[in-house]
Amino acid sequence: MRLRRPLALTLLGLILTAPFVLGFSPVAGRHAMVASSESHATDAGVEILRAGGNAVDAAVAVGFALAVTHPFAGNIGGGGFMLVRLATGESAFIDYREAAPSAATHNMYLDPAGNLIPDASLVGALASGVPGTVAGLALAEQKYGKVGLARVMEPAIRLASDGFEVSYDLARGLRGESQKLGKFGESRRIFLRDGTFYEAGETFRQPKLAHTLTLIAAQGADAFYRGPIADQIAASMEKNHGIISRADLAQYQAKIRTPLVGHFRGFTILSAPPPSSGGVGLFEMLNILEPLDLGAPDSYSSMHLMIEAMRRAYADRAEYLGDADFVTVPVAGLTSKDYAAKLRGEMLAAKPDAPLQAGQPVPYESSTTTHYSVVDAEGNAVSNTYTLNAGYGSGLTVEGAGFLLNDEMDDFAAKPGSPNLFGLVQGEANSIAPRKRPLSSMTPTIVLQDQPGGQPALRLVLGSPGGGTIINTVLEVLLNVAVFHMDAQQAVTAPRFHNQWLPDVVVIEKSISEDTADRLQQAGYKLRRVGGIGDCEAVEVDPATGWRFGASDPRGDGKAAGY
Ligand code: DON
């Protein structure tokens, strides 16, 4: 039958906005759920949960599996943050961010004339901070896990030694970074097969990485920081003019910190403290927006208000944020409701996109990355974001050990005031110093729904990669659930936008409507359209029924699975 034109148009409209309007539901599970950016890694987490592991066991399993199957960002040569919230209400933030080597200096990436040396903080051995992932995952397992490091590492070791099927995304990613990876013999051999690129459907085996993982499973983190792997890292550093020493490795420690806690419209939110800027930025924006009527999602009115909140939080990020073990970060002031009220007043009085500088936080008394989320049957939750920084990190593989090293040193302000890889302008608070941890935007977050007269209930576990865009992605997905009442999959799928103060441009996904884009432009915003922002992997819990809903971002190649 020939459709009448108006109906045909309506159907076309529905199809074009399909992920948002039609089906495309989150994955439902009665007991437990894992969402990660790679399917074998998600399966590794589910395997451990089914074998009696808790959410932390599963999270550690996913972390090691991603190091095998998602070398773009999954790693043992990088670092990150794990936010744990147990069903008992206890929570912890495991900071396993890379640290600057002890020989690092303030101006190490500048030439004698004071100019940035191109790529020095991005490619090769000098770009790497002391890796934290193995220390962080081992600490999480020892403190909160049930089944032990050897068991949770089994899936990763199997994937490395038996191999796994190369996905379209992995094949394309490796080829896309062939210039960087091709600079280093071991990387060229393992990841580029000396120029015979891996094709989708082929099997990728990594025997050296399997051996490295087996050593860690048997000997714990000491194998990496004091034993044979430390020797291999030190040898690769010497050969490639890097500065990470055996002493740097032996001294590295993952740190347990207290998560930042914020409150927003009946939700209690746990998020990342320094050396991440994520929690501070997220709470500053939520506080500014809290009493405002945001209207409809992706409308001019909601976007304008959110963009103005983003500009203010990112201006403050540039000025004040750094590793709080080295510099004083006014966390309480920046996240106070009073400071937000002051910023909100100024924001509502100003024209859109009016020039602004970092604010003066009110003094306060007292006080290429990948994300995955896990919830287990008891209600324990883990939100983990970790990274090599750029895709495939520094490009340098530790010889004989089969894993890539990070280029996290680029997250420092190599020259305060000059933009980094993500265009983020940062200040002296984030300058380089020995052992200091570079400022991050990674924002692993857990949202609890306040219950009248009771303990808050677990509601949403989320996070994303995306460099400087991460904090805004978390903000938007969180608001989509908390304010716009979307389900987890709708919230993760909905169009995204981003502003980071400098450069003075609003990045919007192509799926934002022309109408809205026109109005933003008329108001004075400079727009840049992009294909996709972030890769949010989320798990939502329905507090009334306990059902878990996993949502993997359609912008990525991930998978949510549970039972
Ligand atoms: O810690 C950070 O903020 C960055 N190193 C994250 C890098 C990232 O998200 C790359 N992925 N797109």
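The values are calculated or read from the model by the stated rules, or taken from the named source; none is laboratory data. Here the structure is a predicted model, which is why all the values come from computation and not from measurement. Here the Cβ positions follow ideal geometry from the backbone for every residue, glycine too, while neighbour counts run over all protein chains shown.
Key figures for this structure:
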| quantity | calculated |
| --- | --- |
| For LEU405: the one exception among (1) modelled with pLDDT of 95 or more; (2) within 12 Å of the ligand (Cβ to nearest atom) | (2) |
| Residue match in the range 161-168 (condition: in a strand (DSSP E or B), at pLDDT 95 or above and among the charged types (D, E, K, R)) | yes |
| Any hit, the range 400-409, residues being over 16 Å from the mean Cα position of the chain (by Cα) and farther than 29 Å from GLY185 by Cα | no |
| In the range 78-92, the residues that are farther than 15 Å from ARG437 by Cα and of a type outside the set (A, V, I, L, M) | ARG85, THR88, GLY89, GLU90, SER91 |
| Given (1) away from the ligand (no atom under 14 Å from the Cβ); (2) in a loop (DSSP other than H, G, I, E, B); (3) out of contact with any Asp or Glu (no Cβ under 8 Å at 6 or more places or on another chain), index of the condition GLN455 fails | (2) |
| Whichever residue in the range 203-230 is of a type in the set (D, E, K, R) and in contact with a Gly (Cβ under 9 Å, 6 or more places away or on another chain) and, among such residues, is surrounded by the most Cβ atoms within 10 Å (Cβ to Cβ) | LYS208 |
| Helices (runs of 4 or more DSSP H) fully within the range 266-377 counting 1 or more residues that are hydroxyl-bearing (Ser, Thr, Tyr), more than 28 Å from PRO416 (Cα to Cα) and modelled with pLDDT of 95 or more | 300-320 |
| Within the range 445-497, considering residues that are under 13 Å from the mean Cα position of the chain (by Cα) and under 19 Å from VAL34 (Cβ atoms), the one surrounded by the fewest Cβ atoms within 10 Å (Cβ to Cβ) | PRO465 |
| Of all residues in the range 458-481 being under 11 Å from PRO444 (Cβ atoms) and assigned to a helix (DSSP H, G or I), the one that is nearest to the ligand (Cβ to nearest atom) | ILE470 |
| Condition met for GLY393 (in a loop (DSSP other than H, G, I, E, B), surrounded by fewer than 24 Cβ atoms within 10 Å (Cβ to Cβ) and either away from the ligand (no atom under 16 Å from the Cβ) or not hydroxyl-bearing (Ser, Thr, Tyr) (or both)) | no |
| Failed item in (1) in contact with a Ser or Thr (Cβ under 6 Å, 6 or more places away or on another chain); (2) farther than 30 Å from ILE76 by Cβ, with GLN357 passing the rest | (1) |
| All positions within the range 486-538 that are among the small types (Gly, Ala, Ser) and within 16 Å of the ligand (Cβ to nearest atom) | GLY531, GLY532, GLY534 |
| Yes/no for ALA517 being touching a Cys at 6+ places or on another chain (Cβ under 8 Å) and of a type in the set (A, V, I, L, M, F, W, C) | no |
| Residues that are surrounded by 24 or more Cβ atoms within 10 Å (Cβ to Cβ) and among the hydrophobic types (A, V, I, L, M, F, W, C), drawn from the range 88-109 | ILE94, ALA99, ALA100 |
| Which listed residue, of ARG85, ARG151, ARG158, is touching a strand residue (DSSP E or B) at 6+ places or on another chain (Cβ under 7 Å) and either surrounded by fewer than 23 Cβ atoms within 10 Å (Cβ to Cβ) or of a type in the set (Lys, Arg) (or both) | ARG85 |
| GLY124 vs. criteria in contact with a His (Cβ under 8 Å, 6 or more places away or on another chain) and more than 16 Å from the ligand (Cβ to nearest atom) | yes |
| Lone unmet requirement of (1) touching a Leu at 6+ places or on another chain (Cβ under 7 Å); (2) of a type in the set (A, V, I, L, M); (3) modelled with pLDDT of 95 or more for VAL425 | (3) |
| Sole exception among (1) exposed (fewer than 15 other Cβ atoms within 10 Å of the Cβ); (2) touching a helix residue (DSSP H, G or I) at 6+ places or on another chain (Cβ under 7 Å) for GLY262, by number | (1) |
| The lone exception for MET442 - which of (1) of a type in the set (A, V, I, L, M); (2) more than 10 Å from the ligand (Cβ to nearest atom); (3) at pLDDT 95 or above it fails | (2) |
| Hits in the range 146-160 (condition: part of a helix (DSSP H, G or I) and under 25 Å from the mean Cα position of the chain (by Cα)) | LEU149, VAL152, GLU154, PRO155, ALA156, ILE157, LEU159, ALA160 |
